[in-house]
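The values are calculated or read from the model by the stated rules, or taken from the named source; none is laboratory data. The model shown is predicted, which means the values in this text are computed figures rather than measured ones. All Cβ positions, glycine included, derive from the backbone under ideal geometry; neighbour counts span all protein chains shown. Just so you know, the surface numbers come from the protein's heavy atoms only, side chains and all, with ligands and any DNA or RNA stripped out. Shrake-Rupley method; radii C 1.70, N 1.55, O 1.52, S 1.80 Å.
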Amino acid sequence: MFKKENCSQLCFNAFKVFFFAIVFMMFTHAEVSQAQDSSRESATGSISGRVTDARSGEPLIAANVGVEGSSLGASTDADGFYTIQGIPTGTVVLVATYVGYEQQRRINIQVRSAGNRDINFEMQPSAQDLDELVFTVSEPFRTPDESLSSFRRLSPEEIATYPAGNSDIAKVVQSLPGVSGSVTGFRNDVIIRGGAPNENIYFIDGIEIPTINHFSTQGSAGGPVGLLNVSFFDGVELSTSAFGARYGNALSGVLQFNQRTGNDREFRTNFRVGASEAALTAEGPLFKGDANFSNTTFIASIRRSYLQLLFQLIDLPFLPDYWDYQYKINHVIDGRNEVYLTGVGSIDDFRINVPDEANEEQQAILEQIPVIRQRTNTTGIAWRNRLVGGNGFWLTSLSSSWFYNDFSRFRDNVNQDGLFLQNQATEFRNTLRTELRYFAGENTWNTGISLRHNRFENKFLDDNTGISFDDAIGFWSYGIFGQWSRSLFNNRLNVTAGIRADGNSFTDTGNEIYRTLSPRAGINYRIDEAGQWRATASAGRYFKKPPLNLLGFRENGVLVNRDADYIRSDHLTLGFEYFPRSSTKFGVEGFVKWYDNYPVSVAEGVSLANLGGGFEVLGNEDVLFTGKGRTYGTEFLFQQKFERNFYAILAYTLFWSEFTGTDTSLYLPSAWDSRHLLSFTGGYRLGDSWEFSARSRFIGRTPFAPVDEERTIAIYPAFAFDYGGLATERLGVFTSTDIRIDRKWNFSSWSLDVYLEVQNILGQDTPSTPSFLLRDNENGEPVLRQVEEVGGSAILPTIGIIIDF
């Protein structure tokens, strides 16, 4: 819906202004450079952290942590804590060793004069003889016991310096194989292996959150910009198949955000100005007194957009305005117990702006854009209890989330008159989870339950269909799971198997939990003795409950979708991996997914798997749960983690994505069936002051549904589509290249990073669906007229500043 072509010349002029500004700042502010030069020899930083047993969480006393290639290092104290001081600023590799445990390397550790995060090690007991030579992969390539394949881990450094990512995790994961975003529009969807955007779930420290985007599509997940602050993350984990049994309600992907705890020794502050917002993050100890450290810490942030000011300046017809906040308070009760309180929320307003002289493209947006007000909040408290003897732990959490969406469309957007569509809905979820992880020799057992109360309220009006209601539903949903993992043949073979069942008190068959039994299993086999060649395989069945607004939809006062089934997806994967070095990986993985019980629109005859990628509300209609689907393909990956001053990710995916509509024997290409995904992301660090990175993407021709002009004339400014056109209509290919240049300064008590990002630096055209305006012809009859596109695509430069002190 929203295009950038109409401001390309203005953006090009802005690029020149920004370019000269950065050159001026770098080379004429002599006092800054001289200040750095004069203190270069003394520019050092310190790194602290803890070393613990990966299974029990117990501190490892007298473990050694050192800077690779130097004599700098330290040993851990009785709490497993270490500090290495006097490290020259720049990038280092940390190595942790402890008798009876596998050596662990942490690469790409950025040392600054201020603002360094704690580097914690969770060490695995060694099953090898001391004189046996075994290849050990780098920590970022390790897979958890329950997800032995289709698993990726991103470090904070990879996220923070991702070119044109604006520290937005939804954009960063698009560099990984099998993951893409929306080709057209002002969107931020995560599409995994040809599945719909709403097939993913998101967790922060084990607390599920309903969305990771501002202005999120209700019933789906995507939006124009992310709402999570990456300054919080100790790492991000993505599973694209082979989910652990602890995760329910996912069909394509699980994103787990692992937050770090605040610094327990001193107060620290981070200030960041990026492409669309400014962020302030603070952390430190609470109730520390005169002690060396505190058992209670906090980390909190607030972000404010200024995108609406930029859009108003360049006279765009819409103004996205948002706030978000995030926090975590952690308290260590004793050596076996700790609790944490965490939360995240957003305030979003999507308003109309009338340009002084609107061209046809702007006029089309002005007439057709929705007015959106959203509020989100998730708050959770969790208690982690290590078992006596250190052979496991309990994790119990209680969380509450709500999502408010006021989505309105007017026949006269300028005056907000002639309301013809309104979705004023609120989703409430209160969730209790508890799980036990128990270690018995080489066996790991994981079991748990979840219980959730769901409430959905909606004041709904659709003048074009004559449907309106103002009502609410409430019901319980629950799940139970168990999983077993084990290493066999002296760690040569890792295996896992699990099962899960889910139910609810709302749908007709919701309590028949045998319908949702979802077994899963996976293996990871070390082909050679050293472990450089590995084979992986997984199989699993997964279920997802339909979205709340679909379950709460009424027609003539009747809940027409109460006969809902859980959507089902069966996965098979087979892959091979080669590690020429501990920090380098080559991988190939084939996958197949079969879908059943997918909702199909009664009115349109199309699978809802094709929807949810626009500014709309997904699920406000009567559906049949008879749809089928299939996606299949092969992924190729080369990944070099940041070592020896450079990193690279080259990923290619060849895939097919097809779903049925009302006719379950006819498979049509889905709206995500672009067939080809190719991406390269790489960077080079020059000394401790400069870093250069780039990203290039290619997405094949994506199907789209053409406008049904006859039906649209009757309901304009709403649109009707001919979904049969998915079989024949495709957009052009998408290509884009982005760059980023970082310049870093380190001073005695603070550090500065100034960066220049340029999106689409080659000015490559972005494919877009045709735009239309409804106007009278020479006979006074209403007709749809296609809007002529303005040539060219925008080059979008931004300057960012990061300050740590």
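Which numbered condition in (1) charged (D, E, K, R); (2) closer than 23 Å to Asn213 by Cα; (3) open to solvent by 30 Å² or more (accessible area, probe 1.4 Å) is the only one that Asp406 fails?
(3)
Are any residues in segment 601-636 in a strand (DSSP E or B) and either at pLDDT below 95 or open to solvent by 30 Å² or more (accessible area, probe 1.4 Å) (or both), and if so, which ones?
Val617, Leu624, Thr626, Lys628, Arg630, Tyr632, Thr634, Phe636 - these are the residues of segment 601-636 that are in a strand (DSSP E or B) and either at pLDDT below 95 or open to solvent by 30 Å² or more (accessible area, probe 1.4 Å) (or both).
Among the candidates Ser150, Ser167, Ser113, which residue alone is crowded, with 22+ Cβ neighbours inside 10 Å and at pLDDT below 80?
Matching residue, one of Ser150, Ser167, Ser113: Ser167.
With the requirement that a residue be open to solvent by 30 Å² or more (accessible area, probe 1.4 Å) and in a strand (DSSP E or B), what does segment 695-716 give you?
Ser696, Arg697, Phe698, Val707
Of all the residues that make up segment 561-593, how many are open to solvent by 40 Å² or more (accessible area, probe 1.4 Å) and over 30 Å from Ile107 (Cβ atoms)?
6
How many of the residues in segment 717-731 are outside any helix (DSSP H, G or I), open to solvent by 40 Å² or more (accessible area, probe 1.4 Å) and either touching a residue at least 12 places away in the same chain (Cβ under 8 Å) or among the acidic types (Asp, Glu) (or both)?
Total satisfying the criteria: 5.
Is it the case, given these coordinates, that Ala278 is open to solvent by 10 Å² or more (accessible area, probe 1.4 Å), more than 15 Å from Val190 (Cα to Cα) and among the small types (Gly, Ala, Ser)? Spell out how you get there, then give the answer.
Values: open to solvent by 10 Å² or more (accessible area, probe 1.4 Å): yes; more than 15 Å from Val190 (Cα to Cα): yes; among the small types (Gly, Ala, Ser): yes.
When the stated conditions are applied, Ala278 passes them.
I'd like to verify a number: residues in segment 771-787 that are in a strand (DSSP E or B) and among the charged types (D, E, K, R), how many?
3
Answer with yes or no whether Asp753 is touching a strand residue (DSSP E or B) at 6+ places or on another chain (Cβ under 6 Å), outside any helix (DSSP H, G or I) and at pLDDT 90 or above.
Taking the combined requirement at face value, the residue satisfies it.
Going residue by residue through segment 387-403, is there one that turns out to be surrounded by 20 or more Cβ atoms within 10 Å (Cβ to Cβ) and at pLDDT below 95?
Within segment 387-403 (the criterion being surrounded by 20 or more Cβ atoms within 10 Å (Cβ to Cβ) and at pLDDT below 95), the answer is yes, since at least one residue qualifies.
Which of the residues spanning segment 170-210 are open to solvent by 20 Å² or more (accessible area, probe 1.4 Å), within 27 Å of Thr261 (Cβ to Cβ) and in a helix (DSSP H, G or I)?
Lys171 - this is the single residue of segment 170-210 that is open to solvent by 20 Å² or more (accessible area, probe 1.4 Å), within 27 Å of Thr261 (Cβ to Cβ) and in a helix (DSSP H, G or I).
Restricting attention to segment 767-797, which residues are among the polar types (S, T, N, Q) and at pLDDT 85 or above?
Residues satisfying the conditions are Ser768, Thr769, Ser771, Asn777, Asn779, Gln786.
Just one of Phe469, Phe481 is open to solvent by less than 30 Å² (accessible area, probe 1.4 Å), assigned to a strand (DSSP E or B), hydrophobic (A, V, I, L, M, F, W, C) and under 27 Å from Glu208 (Cα atoms); which is it?
Sole residue among the options that is open to solvent by less than 30 Å² (accessible area, probe 1.4 Å), assigned to a strand (DSSP E or B), hydrophobic (A, V, I, L, M, F, W, C) and under 27 Å from Glu208 (Cα atoms): Phe481.
Return only the number of the condition from (1) of a type in the set (Gly, Ala, Ser); (2) under 23 Å from Ala221 (Cα atoms); (3) open to solvent by 10 Å² or more (accessible area, probe 1.4 Å) that Ser665 does not satisfy.
(2)
So the check is Cβ under 8 Å with 6+ separation or different chains; which pairs have a first residue in segment 748-771 that's on the phi > 0 side of the Ramachandran plot and a second one that's in a loop (DSSP other than H, G, I, E, B) and of a type in the set (A, V, I, L, M)?
Hits for this filter: Asn760/Ala794; Asn760/Ile795; Gly763/Ala794; Gly763/Ile795.
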